[in-house]
Amino acid sequence: MKTQRPMRLFAVALLLIVALFAGCGGNPQPQEDAVIVRTDPLGLVTVTIEDGEATVSFHPEVWEEYADETLVYETAEAYMPSEGPFPVYTNYGVVKDAVVGQVPAMNINHMSDFVLPSVFLLMENGTVEWAVPNPFELYPEWGEVETIATLRHLNDIVALSYESDKEGIGEMTVYAEDASGLHYDVRVAQKLNGLYSGLYRHTYENNGSTYTLDLMFGKNGNMKLHNHLRDSTDWEVMYAGTYTLHLDEEASKGMRPGMLSVDLSLASLQDLLMVADSPESIRGDFALDVPFSQGMDVYAMGGDPLLEINGQAQDFLSFWHEADAGTIVLGDDVYMSTDFMTDDELALYVVDRVESAWEMAGRGMSTLVTGEVSLIRFDGECRDVWLGTDHDEQFVREILYTVGPWGSIYEYDPEDDYWEQVHDETEWYDW
């Protein structure tokens, strides 16, 4: 039965008063050991933080008031939403504060245009986690709310606020403030959250052949650009260097939020015939648009373009996101480059990826990382890993592998003085 609107307005007004005294959607910063309560302006979801742990509670009577807008009742297994409280499962550590509000750009209600409240958790380590709790997916006295993601580009955050994105009537969002006083829109951070997971691939035609341009973003500001024939190794050019994402609303480095700057140079030991018509470096600024999670549009804004075809700069490129390709997943850890692996992790990576090494390790052979490097074309300096027999008095070196910074593994053939590639990380995933 549809409830009359006056009753709804009264209920919402009452909850807004409660939310105001509870600290609706924001800050002041809490006192130590205080119980923190945050509720969205509509009064649908309440987050309570105590001793660094968060719980989520729902208000069934308000959800029922909005049944016609949400449409979730039509498919819900139970006609009434659960109330809770339900524990919140986070990715990292202690919860320090929270903001709850409707952010239209981050809505995941597939039933209607009604914007479900998002929960943004400020963690003690300065990161921000995002969740959209749904009372119809939880059951009384059972279940937990899981955060969807950690917004990876937000670090050293000290405060969150829920407000309009412009003066007057604007779209609501959440701004994160870091220790230096700069502010970041969570919508921008969420759009770029997938940069670390996988590579971005652009395909183009030239003189009857198909080429691909791959972008890989490393967590520590490292970047790789690989331009090559799609189905052949007869032509390929590799660039490596750094990138900078500009995200703060103050445009502190002269760039709008969501812009990218790159500083790349040709990787060492490349075939001179292949790089003859390629620039030695790429230094430019670009605007990024992520219209959907599987792609990214890149607009050249100044400096060098990412791609030239027959001397013509390509000012617009559309990339497809190849999730997980180009990253290195080892157990529960994700790496963009083997440079960030410890010696033990590097040895484990070789044993995990090379079947013959796995078999020999199973028969009792051991690994040794000495800190030595070998030079491999297109990969440059690679880290050596020996497989051999570890005696009490000495380690007998038997098989030499070397690992490129982007995950390729090579095995040395001493008879022919030749490095054979035995693993290509970009082909490790079935994409």
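The values are calculated or read from the model by the stated rules, or taken from the named source; none is laboratory data. All of these numbers come straight from a predicted model, not from anything done at the bench. Cβ placement follows ideal geometry from the backbone for every residue including glycine, while neighbour counts extend to all protein chains displayed.
Against the condition among the acidic types (Asp, Glu) and either within 30 Å of Pro291 (Cβ to Cβ) or modelled with pLDDT of 90 or more (or both), how does Asp40 come out, does it pass?
So Asp40 passes the test.
For (1) modelled with pLDDT of 85 or more; (2) touching a helix residue (DSSP H, G or I) at 6+ places or on another chain (Cβ under 7 Å); (3) closer than 24 Å to Arg377 by Cβ, each residue gets a yes or a no:
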residue	(1), (2), (3)
Ser268	no, no, yes
Ser278	yes, no, yes
Ala287	yes, no, no
Gln294	no, no, no
Asp297	yes, no, no
Gly302	yes, no, no
Gln314	yes, no, no
Trp320	yes, no, no
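Considering Asp304, Asp332, Asp315, which residue is more than 22 Å from Leu387 (Cβ to Cβ), out of contact with any strand residue (DSSP E or B) (no Cβ under 9 Å at 6 or more places or on another chain) and of a type in the set (D, E, K, R)?
Details: Asp304 fails: out of contact with any strand residue (DSSP E or B) (no Cβ under 9 Å at 6 or more places or on another chain); Asp315 fails: out of contact with any strand residue (DSSP E or B) (no Cβ under 9 Å at 6 or more places or on another chain).
Of the residues listed, the single one that is more than 22 Å from Leu387 (Cβ to Cβ), out of contact with any strand residue (DSSP E or B) (no Cβ under 9 Å at 6 or more places or on another chain) and of a type in the set (D, E, K, R) is Asp332.
Looking only at strands (runs of 3 or more DSSP E) that fall completely inside the stretch 356-431, which ones have 2 or more residues that are in contact with a Lys or Arg (Cβ under 9 Å, 6 or more places away or on another chain)? Write out each step before concluding.
Working: elements: 366-368, 373-376, 380-390, 395-403, 409-413, 418-423.
Where strands (runs of 3 or more DSSP E) fall fully within the stretch 356-431 and carry at least 2 residues being in contact with a Lys or Arg (Cβ under 9 Å, 6 or more places away or on another chain), they are 373-376, 380-390, 395-403, 418-423.
Can you confirm whether the stretch 148-170 contains a residue that is crowded, with 19+ Cβ neighbours inside 10 Å, of a type in the set (Lys, Arg) and in contact (Cβ under 8 Å) with a residue 40 or more places away in the chain?
No, because not a single residue in the stretch 148-170 is crowded, with 19+ Cβ neighbours inside 10 Å, of a type in the set (Lys, Arg) and in contact (Cβ under 8 Å) with a residue 40 or more places away in the chain.
Give the residues of the stretch 232-256 that are part of a strand (DSSP E or B) and either in contact with a His (Cβ under 9 Å, 6 or more places away or on another chain) or among the basic types (Lys, Arg) (or both), sorted by residue number.
Selection gives Glu236, Val237, Met238, Tyr239, Leu245, Asp248.
For the stretch 254-267, check the following and say yes or no: at least one residue is out of contact with any Asp or Glu (no Cβ under 9 Å at 6 or more places or on another chain) and closer than 27 Å to Thr338 by Cβ.
yes
Mind checking whether some residue in the stretch 112-133 is on the phi < 0 side of the Ramachandran plot, surrounded by 19 or more Cβ atoms within 10 Å (Cβ to Cβ) and acidic (Asp, Glu)?
First pass over the stretch 112-133, keeping only residues on the phi < 0 side of the Ramachandran plot: 112-125, 127-133.
After this cut, where a residue has to be surrounded by 19 or more Cβ atoms within 10 Å (Cβ to Cβ) as well, the list is 115-123, 127-131, 133.
Add one more test, that the residue is acidic (Asp, Glu), and what stays is 129.
Scanning the stretch 112-133 turns up at least one residue that is on the phi < 0 side of the Ramachandran plot, surrounded by 19 or more Cβ atoms within 10 Å (Cβ to Cβ) and acidic (Asp, Glu).
So the check is Cβ under 6 Å with 6+ separation or different chains; which pairs have a first residue in the stretch 323-347 that's of a type in the set (Asp, Glu) and a second one that's at pLDDT 75 or above?
Hits for this filter: Asp324/Gly198; Asp339/Pro405; Asp343/Val369.
Go through the stretch 79-110 residue by residue and tally those that are more than 19 Å from the chain's Cα centre (by Cα) and in contact (Cβ under 8 Å) with a residue 60 or more places away in the chain. Before the answer, list the steps.
Taking the stretch 79-110 as the starting set, the residues that turn out to be more than 19 Å from the chain's Cα centre (by Cα) are 79-88, 94-104, 109-110.
Remaining after also requiring in contact (Cβ under 8 Å) with a residue 60 or more places away in the chain: 82, 96-104.
Residues flagged as more than 19 Å from the chain's Cα centre (by Cα) and in contact (Cβ under 8 Å) with a residue 60 or more places away in the chain within the stretch 79-110 amount to 10.
Go through the stretch 200-229 and give me each residue that's closer than 20 Å to Ala276 by Cβ, among the hydrophobic types (A, V, I, L, M, F, W, C) and either buried (at least 17 other Cβ atoms within 10 Å of the Cβ) or under 20 Å from the mean Cα position of the chain (by Cα) (or both).
Passing the criteria: Leu213, Leu225.
Does the stretch 310-344 hold any residues that are assigned to a loop (DSSP other than H, G, I, E, B) and at negative phi, and which are they? Please lay out each step first, then the result.
Within the stretch 310-344, the subset assigned to a loop (DSSP other than H, G, I, E, B) is 310-311, 314-315, 323-327, 331-332, 336-337, 341-342.
Answer for the stretch 310-344, where residues must be assigned to a loop (DSSP other than H, G, I, E, B) and at negative phi: Gln314, Asp315, Ala323, Ala325, Thr327, Asp332, Met336, Ser337, Met341, Thr342.
Looking at Ala300, Ala267, which is the one that is free of Cβ contacts under 8 Å to residues at least 24 places away in the same chain, crowded, with 18+ Cβ neighbours inside 10 Å and closer than 22 Å to Asn222 by Cβ? Outline the logic, then answer.
Details: Ala267 fails: free of Cβ contacts under 8 Å to residues at least 24 places away in the same chain.
Residue meeting the stated conditions: Ala300.
Taking only the stretch 371-398 into account, find how many residues are surrounded by fewer than 18 Cβ atoms within 10 Å (Cβ to Cβ) and among the aromatic types (Phe, Trp, Tyr).
Total satisfying the criteria: 1.
Does the stretch 331-343 contain any residue that is of a type in the set (A, V, I, L, M) and within 13 Å of Ile409 (Cα to Cα)?
no
So Glu249 fits all but one of (1) surrounded by fewer than 18 Cβ atoms within 10 Å (Cβ to Cβ); (2) farther than 30 Å from Ala176 by Cα; (3) in contact with a strand residue (DSSP E or B) (Cβ under 7 Å, 6 or more places away or on another chain); what number is the exception?
(2)
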